[in-house]
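Written below as structure tokens is the structure these notes are about.
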Amino acid sequence: MKHSYPLASKVLILTGLALTVGVFVAWTNGRVPSAHAYHTAEELEEFRGAGIDLPTGGNTYFKGSGACGGCHGLDLLAPYANAIPSATPGGDSIDVNPTDMWRSSMMGNSAKDPFWRAKVSHEVAVNPGHQAGLEDKCTSCHAPMGRYDKFLTGAGPYSMAELHQDPMGQDGVSCLACHMQSPDSSGLLFSGVLKYDTNDVVYGPYDAENLFAAPMSNFVGYEPMFGGHILQAGVCAGCHTLITETADLEGNLTGDKFVEQATYHEWVNSAFNTDVDPESGITCQGCHMPRIQQGVALSSGYDFLVLQPQFHRSPYGQHQLVGGNSFMLKLLKQNISTLGLTASEAQFDSSITWTERMLQQHTLLLDATVVDRTADLASIDVKLTNLAGHKFPSGYPARRAFVELHVQDAMGNTLFRSGNWDPTYEVVGHDEEWEPHHDVITSPDQAQIYEMVLGDVNDNKTTVLERAKTALKDNRLAPLGFTTTHPSYDTTLIAGVPPTDVDFNRYANGTEGSGTDIVHYQVPMNGYVGLITITAKVWYQSAPPRWMEEMFAFNTPEIDAFRTMYEEADGTPVLVKEVQITDLTVAVDDLHELGVRIFPNPVRDGQLRIDGISERIAGIEVFDLKGAAVARFVPNGRQTWQVNLPQRGATYVVVVRTAQRSFIERVVVL
């Protein structure tokens, strides 16, 4: 299907204001590794008593997830004891049932998310006259089966009060919220505008040949049909490009529009776009619903579906619906009873594991390089490469990532540190309002933070989404292939990155689309010429403390409830990536006073000898010039040591340590 790339002025906006964290589904053409973490026997046993029951009832157009879970949930019947088993050649099966994977995802809990509920009440508290529009817009994506049933029956706006009493709304982004979306709307509607096929059909990714449709038709009342759009990124577009209307500080609409999030259009403006490259492109589903190739029986409770391979379907996208918000998943896990959630602790543990693996294995590449070093200054470059098919971070604008650089001397003492975080989980050195984008960092009170900062009609920072008029800063890492000349760029703007930062999303030749940024650190050495250890880390926060300040100044039942949960939660940022290098490129110290002899130099046969090792020596290490350790010697009474250095035409650095200091000598291998 051909996608539309509308400009912001053309994006469809419903009456009222918009607020959402959004919805995400996914598929791949095979470029992304398929992570798997199948449920253990212990987890499966715990699932049998998990949470409260899923809703089995329905409203005019939708049925609850419990109605689908009868066939697409955990199979309690022997001999399989696995729902939707994925058959293997040996006859075994693994549990990949969508119900138990989905119910502990953020999508499965979108309508009960206490942060979202608090934020909706915050927006209403700021502008109570807009309550009906705000709540109707917010529930469009967070409680679609409640909101859209009311919308389709012509009954007016849907409220948070109605949501609290509505099992269908509280089912969140449930099965039919995605599988009933009409194929003629994929990638064409935005800002919470979703088009549903109300002809009692359910769309899936498999053709109708040999489709066992009777149970769904007879028991649930829907006819399963093939829908290729279910595999397309456009299914996510309705909620993952959201344009809101701007109100001034008195609550008057100004006619301005603000892009609250544009994850879908970020993907459109990337090399991952399957319209650009159908063969190697990757849709949202490819990362967020990692697929398996084994044949899957799509329904539990029917032996012949498992035993007869012609009924198996592959590839199968696991309904992990994995994102990056492990903080909120942990908070949900800690408040299952309070929030009335349907998932168990074990199920949340699975979703947390998948989420942190996504962040740590499929989000970033990180590299650190010592460009130059003198006794006065070390020039260190830290390069980040975005692996996601959209900006990182993306989605709801509270998300942020920041870089920590820690430089230590040979004894482990800190020489320089930028971007660490304090006991309140705030970035050290954060400016009072917001931290600007840095191309060059020269001081520990500067930190590189990748984020969106919202500005109101007076260009003051705000976290009230209805007041947002412009992005004061949006230096989030662009995806591979992203350009400022793409037709969708007006919904995916870069803001606050100065033109002098010539390596932000640019290759060495100056062309756009690298998906990278290089932060240049100028670290004072103050005369120190010994070994230094450089550790670079990237941390991620989905709900940072600065974002909460404006909301926590209000008191509503929803804000008060979330404040308590937030203060009791562990706000430790998630470590996304870490790299460590050792640099020894400054000075060569005379080892004569130690009586240590390192020879021959240059080395011609690959064998380096060291003698004169006395009790004063605490250890000897050999590094290459990239800082990688090649060999280590721990004193054991021997006075000599021989090490093989086989790489020809290379330079190595030998570090001889005593209790007081380190001595350095370069060695060349011819």
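The values are calculated or read from the model by the stated rules, or taken from the named source; none is laboratory data. Keep in mind the model is a prediction, meaning the values are calculated, not measured. Note: ideal-geometry Cβ built from the backbone for every residue, glycine included; neighbour counts use all protein chains shown.
Taking the conditions (1) within 25 Å of Val296 (Cβ to Cβ); (2) among the polar types (S, T, N, Q); (3) in contact (Cβ under 8 Å) with a residue 60 or more places away in the chain in turn, Asn218 satisfies each one other than (3). Of the residues making up region 227-263, just one is under 19 Å from Val276 (Cα atoms) and in a strand (DSSP E or B), namely Ala262.
Inclusion of Arg597 among residues that are basic (Lys, Arg), within 23 Å of Met411 (Cβ to Cβ) and surrounded by 12 or more Cβ atoms within 10 Å (Cβ to Cβ) is not warranted.
When Pro224 is tested against (1) assigned to a strand (DSSP E or B); (2) in contact with a Gly (Cβ under 7 Å, 6 or more places away or on another chain); (3) touching a residue at least 40 places away in the same chain (Cβ under 8 Å), just one condition goes unmet, and that condition is (3).
Residue-wise test of (1) under 26 Å from Ser174 (Cα atoms); (2) acidic (Asp, Glu); (3) surrounded by fewer than 23 Cβ atoms within 10 Å (Cβ to Cβ); (4) touching a helix residue (DSSP H, G or I) at 6+ places or on another chain (Cβ under 6 Å).
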site: Val296; (1), (2), (3), (4): yes, no, no, no
site: Gln308; (1), (2), (3), (4): no, no, yes, no
site: Asp349; (1), (2), (3), (4): yes, yes, yes, no
site: Ile352; (1), (2), (3), (4): yes, no, yes, yes
site: Thr355; (1), (2), (3), (4): yes, no, no, yes
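Do we have any residue at all in region 146-167 that's within 24 Å of the chain's Cα centre (by Cα) and under 26 Å from Ser104 (Cα atoms)?
Scanning region 146-167 turns up no residue that is within 24 Å of the chain's Cα centre (by Cα) and under 26 Å from Ser104 (Cα atoms).
Residue selection: Val655 fails the criterion of being in a strand (DSSP E or B), in contact (Cβ under 8 Å) with a residue 40 or more places away in the chain and surrounded by fewer than 17 Cβ atoms within 10 Å (Cβ to Cβ). Of the candidates Tyr148, Tyr203, Tyr158, Tyr196, the single residue that is modelled with pLDDT of 95 or more, buried (at least 23 other Cβ atoms within 10 Å of the Cβ) and either of a type in the set (Gly, Ala, Ser) or touching a strand residue (DSSP E or B) at 6+ places or on another chain (Cβ under 7 Å) (or both) is Tyr148.
Taken together, the residues in region 534-586 that are modelled with pLDDT under 95 and among the β-branched types (Val, Ile, Thr) amount to 4. Scanning region 525-535 for residues that are crowded, with 20+ Cβ neighbours inside 10 Å and in contact with a His (Cβ under 8 Å, 6 or more places away or on another chain) gives a single hit, Ile534.
Name the single residue, out of those in region 492-524 being aromatic (Phe, Trp, Tyr) and touching a residue at least 40 places away in the same chain (Cβ under 8 Å), that is surrounded by the most Cβ atoms within 10 Å (Cβ to Cβ).
Here is the first cut: in region 492-524, the residues aromatic (Phe, Trp, Tyr) are 504, 507, 521.
Going one step further and asking which of them are touching a residue at least 40 places away in the same chain (Cβ under 8 Å), we end up with 504, 521.
Details: Phe504: 21, Tyr521: 26.
The residue in question is Tyr521.
Does any residue of region 528-540 turn out to be more than 30 Å from Arg657 (Cα to Cα), touching a residue at least 60 places away in the same chain (Cβ under 8 Å), among the aliphatic types (A, V, I, L, M) and touching a strand residue (DSSP E or B) at 6+ places or on another chain (Cβ under 6 Å)?
Kept after step one, since they are more than 30 Å from Arg657 (Cα to Cα), are these residues of region 528-540: 538-540.
So of that shortlist, the ones also touching a residue at least 60 places away in the same chain (Cβ under 8 Å) come out as 538-540.
This time we only want the ones that are among the aliphatic types (A, V, I, L, M), so: 538.
Then keep just the ones that are touching a strand residue (DSSP E or B) at 6+ places or on another chain (Cβ under 6 Å); that gives 538.
Checking region 528-540: at least one residue is more than 30 Å from Arg657 (Cα to Cα), touching a residue at least 60 places away in the same chain (Cβ under 8 Å), among the aliphatic types (A, V, I, L, M) and touching a strand residue (DSSP E or B) at 6+ places or on another chain (Cβ under 6 Å).
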